[in-house]
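Every number in this text was worked out from the coordinates using simple rules, so none of it is lab data. Given the structure is predicted, the values throughout are model-derived calculations rather than measurements. In this analysis, Cβ positions are derived from the backbone assuming ideal geometry, glycine residues included, and neighbour counts consider all displayed protein chains.
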């Protein structure tokens, strides 16, 4: 299969979370086609850690909640499986330990060996999955260099805010 035909059917997952320890964390996953058109959206209910969990998990609590608990649930639940997952939360990168789908965090600039810059955007892979860079560089770099991949993540955040507002009403 050529890169062009692969890009014609590429499904991208945009995964982010909002919230905090007091009100809980809510995550959303938007799967789009290569043009950014929604194919499916899933979100979680708020996950609020109790005081005992905060003490026992310590600094690993947020990556556990975001990456393993809620993000993993979303990826398993979604019907349209993404071929690449993008996030803007480094805590969500822990999800990569539990899924076979390559994933990256969009970061401001290249700071470490676990990041790669394509066009105007810099992507950071999970430090245990640096081979994911080959996938992004070889197969979809030309498509990613022209797209604003932060914009769909903003749409997910807005949808999560709307969901929280509706639930509170």
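So here's what we get for this one:
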{"read-out": "Taking 61, 12, 149, 130 and counting other C-beta atoms within 10 Å, the order from fewest to most", "value": "130, 61, 149, 12"}
{"read-out": "Three-way shape label, the range 36-115, alpha-carbon gyration tensor, a/c 1.5", "value": "oblate"}
